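Working notes for the structure below.
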Amino acid sequence: LICLIACSALIWLGGCRTLSEPSGPPPKITFEDSKIDFGDISPNKLTTGKIKFTNTGQGVLKITKIAQCCSVVARLTGGKKKYAPGESGAVEVEFTSGAKPILFKRELVVHSNDRTNPEVKLTVQANIVLNVTCEPENLKLFLGEENAGCPKLKIWCLDDHPFSITGFKSTGDCMTADFDPSLKATEFVLEPKVNMQKLTPNLKGYVTIGLTHPDGNAAIVLFDVVPKYSVDPQVVLLLGPEPDKPITRSISIVNNYGKNFEIESVSSRSDSLDIKVLEKKKIDKGYRLNVEMTPRAAEGSGLLTGEFSVVINGEQELAIPFKVWYSNKR
């Protein structure tokens with residue numbers, strides 16, 4: 001009886017398998033090209049194109065899905081999904097190029113009932129080139145210099161197409177610049193004015209310059225500020241310590257502008273770590289601290305994180321993060 005049931009099940013499964021197998025004449029999807037290359041294009045531009053295909057098989061071709069990558073939209077022309085033998089169609093693609101020069105490359109996958117090639121990979125490619133450029137591309141600013149040592153910004157086009165400047169915006173509104181939006185030219189020189197009070201909390205950011213050039217509506221310039229103080233190491237790591245057992249670490253603090261300063265205090269911001277200064281040694285432009293750190297493991301945790309602070313000249317506070325890894329979770 002058991003054997004009879006088993007055999008019946010195998011026959012039933014075999015029958016199902018036979019029913020599920022495709023029958024009839026096979027379709028075949030054939031693309032004119034597996035890649036569409038738009039060549040050189042401008043930034044911030046909507047680009048569209050088509051990749052044509054034909055059903056070169058003998059059965060009806062059914063396209064079930066187009067798997068598309070980020071920033072690319074792909075669809076079938078007219079939304080049509082079934083194609084008779086000899087009938088042609090196209091995959092329409094569109095994307096908006098970014099603001100930076102780069103080789104843009106994305107992949108699409110066309111799924112169909114083509115038995116020999118059910119998943120066809122297509123490549124969308126373009127080379128984004130700038131017709132409007134800016135110099136310098138990155139601004140290095142200094143807190144200790146007049147106007148943060150900010151240089152002039154030169155903006156010009158590579159295609160001799162006159163344009164206007166429509167706006168000047170910076171992170172934290174820490175920079176402004178005078179311009180005449182009614183003036184058209186192929187080259188401009190701007191003199192940014194830095195608000196030092198607003199710059200101090202914005203040590204990294206960017207400037208966006210609005211433009212009317214047809215191949216680029218904005219120029220972006222990055223900036224970063226040399227901070228007053230540098231700490232080495234930036235993160236204090238304690239690997240495999242014993243809880244409540246002191247560990248000594250060396251920490252260097254220097255003034256990047258060569259100014260003299262005094263360290264007023266060092267204290268922990270976390271209950272999971274006690275810290276005490278054992279020695280403060282004067283070095284070039286700063287100090288080297290030998291500190292005693294005593295971590296206390298939290299119950300059930302193998303990792304502790306937190307910060308301790310260094311107060312300088314009684315007013316500026318540096319936050320130094322720490323991480324403690326225990327070899328065995330407690």
Please report the orientation-averaged projected area of segment 81-169, defined via the convex hull of its C-alpha atoms, in nm². 11.1 nm²
Net charge near Asn313: determine it from the other residues with C-beta under 14 Å of the C-beta of Asn313, scoring Lys and Arg +1 and Asp and Glu -1. -2
Collect residues whose amide H, placed 1.01 Å from N in the peptide plane, falls under 5 Å from the amide H of Glu307; neighbours closer than 5 in sequence don't count. Arg269, Ser270, Phe322
For the pair Thr48/Asp180, report the inter-label distance in nm, with labels modelled 7 Å from Cα in the Cβ direction. 4.0 nm
Fraction of the pair-distance distribution of segment 156-204 above 11 Å, Cα-Cα pairs, percent: 70 percent
Among the lysines, which have Cα under 19 Å from the Cα of Lys154 when same-chain residues fewer than 8 positions away are ignored? Lys100, Lys140, Lys169, Lys184, Lys193
Restricting to lysines and to Cα separations under 20 Å from Lys281, and discarding same-chain partners fewer than 8 apart, the set is Lys228, Lys259
Using C-alpha positions alone, give me the convex hull volume of segment 195-255 per residue in cubic angstrom. 157 Å³
Translational D in µm²/s for segment 113-213 (Stokes-Einstein at 37 °C, 0.692 mPa s, Kirkwood Rh from C-alpha pairs): 202 µm²/s
Any residue on another chain or 5+ positions along whose placed amide H is under 5 Å from the amide H of Lys28 is listed here as Thr56, Gly57, Gln58, Gly59
Would you mind counting up the charge near Ser267? Only other residues with Cβ under 14 Å from its Cβ, with Lys and Arg at +1 and Asp and Glu at -1. -4
Highest mean first, what order results for 211-219, 310-318, 237-245 on Cβ atoms within 10 Å? 211-219, 310-318, 237-245
Computed over segment 207-301, Kirkwood Rh from alpha-carbon pairs, angstrom: 16.9 Å
How many angstrom lie between the C-alpha centres of segment 240-292 and segment 110-139? 50 Å
Relative contact order of segment 75-157 (C-alpha contacts under 8 Å, at least 6 apart) in percent is 21 percent
Measure nothing but the geometry: give the 0 to 90° angle between the long axis through the Cα atoms of 2-20 and the longest principal axis through the Cα atoms of the chain, rounded to 10°. 90 degrees
Just to verify a number: FRET efficiency for Lys62 and Asp40, C-beta to C-beta distance, R0 = 35 Å, to 0.05? 0.40
A correct Karplus calculation of ³J(HN,Hα) over segment 240-245, with 6.51 cos²θ - 1.76 cosθ + 1.60, θ = phi - 60°, whole Hz and x for Gly and Pro, returns x, x, 8, x, 6, 10
Give me the one-decimal nm value for the distance between modelled label points at Glu92 and Asp274, 7 Å along each residue's Cα-to-Cβ direction. 7.2 nm
With θ set to phi - 60°, apply the Karplus curve 6.51 cos²θ - 1.76 cosθ + 1.60 along segment 113-129 and write out the HN-Hα couplings as whole Hz, x wherever there is a Gly or Pro. 8, 5, 5, 8, 8, x, 10, 9, 8, 10, 10, 10, 9, 7, 10, 7, 10
Taking 2.2 N^0.38 Å as the expected size of a compact globular protein, what ratio does the Cα radius of gyration of the chain give against it, to two decimals? 1.62
Roughly to the nearest percent, how much of the accessible area of the chain is carbon and sulfur, given a 1.4 Å probe? 51 percent
Rounded to the nearest 0.05, FRET efficiency between Lys82 and Asn127 (Cβ-Cβ, R0 35 Å) equals 0.45
Cα-based Debye curve of segment 123-282 sampled at q = 0.12, 0.18, 0.21 Å⁻¹ gives log₁₀ I(q)/I(0) of -0.71, -1.08, -1.31
For Val110, net neighbour charge (Lys/Arg +1, Asp/Glu -1) across residues whose Cβ lies under 10 Å away: 0
Treating only Lys and Arg (+1) and Asp and Glu (-1) as charged, each at its beta carbon, one finds that segment 14-157 has a dipole about its Cα centre, in Debye to the nearest 20, of 560 debye
Phi-derived 3J(HN,Hα) across segment 216-226 with the Karplus relation (6.51, -1.76, 1.60, θ = phi - 60°), rounded Hz, x for Gly and Pro, is x, 8, 7, 10, 10, 10, 7, 9, 9, 10, 6
Whichever aspartates and glutamates have a C-alpha closer than 17 Å to that of Lys82, once near sequence neighbours (fewer than 8 apart) are set aside: Glu92, Asp114, Glu119
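The values are calculated or read from the model by the stated rules, or taken from the named source; none is laboratory data. For clarity, every value in this text was computed on a predicted model and none was experimentally measured. Please note: Cβ atoms are built from the backbone with ideal geometry, for glycine as well, and neighbour counts cover all protein chains shown. These area figures cover heavy atoms from the full protein model, side chains too; ligands, DNA and RNA do not enter into them. Shrake-Rupley method; radii C 1.70, N 1.55, O 1.52, S 1.80 Å.
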